[in-house]
Amino acid sequence: MAKNSFSLRIFCSQRGAALLIMMLILVMGTMGVLLKGFSARKAQLRQDAATSEALSQAKEALIAYAVMYADNYPPTGAGPAHLMCPDTDAPAFDVNGVPLPPYGAPNAPCGPNAIGRLPHSITLPSGNIFPLTDHGSGVDQQFWYAVANAFVATPNAGVNNTLNSTTPGTLTLDGQGDIAAVLIAPGPALNGQTRPSQNAANYLEAGNVGGSNFVSSYPVNPANFNDRILPIRRSELMPLVTTKVAAEIKKHLDTYHTANGAYPADQATLAGALAGAPQWLTTNNWLATTAYAQISSDRAALVFSGCGITYTLTFGTTTISRSQPRC
């Protein structure tokens, strides 16, 4: 009887150990799956963060290009706020589908609300290179870019749109308008998308393919949407542009003050004081949108239609004060 009892204890002990080992294997397997999923999620979050940062940097570069446009293209007569056309040429690819350098450049002139890849850089008339971004080039996921027709500059054709603080942006995002341009980061190819390609539908989804009414999500079929989109709103662009215009006007008013002992007395005198100003002030109708007032012989104020910032100019200083940071 004792022998049978001892055998039973051994059997139970072995069975318990086997069950414990099976439970450990199951737990370890479950943990492995969870850790694998966590690692994949962590990698995706890092990639998303890198894409967001690259989009923000490209947006800053585009805004800087627009604000500095008159400095970089003086012969064209265009003023600040103008943007380049997208790259609409079909890129060359190697056998693995990776785009080959040299990378894209703007294709001007371009049509209304043009859409294409964001140029990687711009060769300025000076010969200097203005970089934008090469994010995603190695995996055929370059940023796409669309620009409202009124904000396009086409120096190759010698034609530029009249653009000032009253010019509305004609692109929309999720139903909200007054957008000058958008940047789109395409995700990996989804069902039905064939790459490499120059067709926007092989990179973008839903309303983003069309080129004017953009969306940041697709509730009807969220599994078939992976675009990341970042707008450049007119309200973001114009505070910097009007600051640039105010600085240009101040240079000529300071010259007038040196010759006459005071800033122009009124709006009627302003045009004469700006006779030597760059052509773009006239061609873009900036003077027609500028409300001018003399505060004193050494101080004056400017307000541009469509932007509620009051710029105060003071003779003898380089500082221009602003009543508020945004339009």
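Any read-out appearing in this document is the output of simple, stated calculations on the displayed coordinates, not a laboratory observation. Predicted model, so just to flag it, every value in this text is computed and none were measured. So basically every Cβ, Gly included, is an ideal-geometry build from the backbone, and we count neighbours across all protein chains shown.
Brief remarks follow.
- Ordering of 270-278, 205-213 by packing [mean C-beta count within 10 Å, highest first]: 205-213, 270-278
- The stretch 130-208-the stretch 262-298 distance, computed between alpha-carbon centres (Å): 36
- Contour excess over end-to-end distance, with Cα ends at residue 68 and residue 312 and 0.36 nm allotted per residue: 85.7 nm
- Short-range pairs are left out: with C-alpha atoms under 8 Å and at least six residues apart, the relative contact order of the stretch 194-246 is 22 percent.
- Once the Cβ-Cβ distance of residue 53 and residue 299 is raised to the sixth power relative to R0 = 41 Å, the FRET efficiency obtained is 0.45.
- Put in line by how crowded their Cβ is, counting other Cβ atoms within 10 Å and starting with the fewest, 258, 170 read 258, 170.
- In this rough spin-label picture, where each label sits 7 Å from Cα along the Cβ direction, the residue 319-residue 201 distance is 5.8 nm.
- A simple spin-label model places the labels of residue 178 and residue 240 1.9 nm from each other, with each point 7 Å out along Cα-to-Cβ.
- Compared with the alpha-carbon gap, the fully stretched path from residue 226 to residue 161 is longer by 20.0 nm at 0.36 nm per residue.
- Under 16 Å from the residue 275 label point (7 Å along Cα→beta-carbon), backbone N, the stretch 246-260: 252-260
- Value of relative contact order over the stretch 239-322, rounded to a whole percent, pairs C-alpha under 8 Å and six or more apart: 25
- Here the contact order of the stretch 171-220, divided by its residue count and restricted to Cα pairs under 8 Å and six or more residues apart, works out to 41 percent.
- Ascending count of other beta-carbon atoms within 10 Å, so fewest first, for 266, 174: 266, 174
- For the stretch 239-322, convex hull volume per residue from C-alpha positions, Å³: 83
- Just so you know, the Cα atoms of the stretch 48-233 work out to an Rg and Dmax of 15.9, 49 Å.
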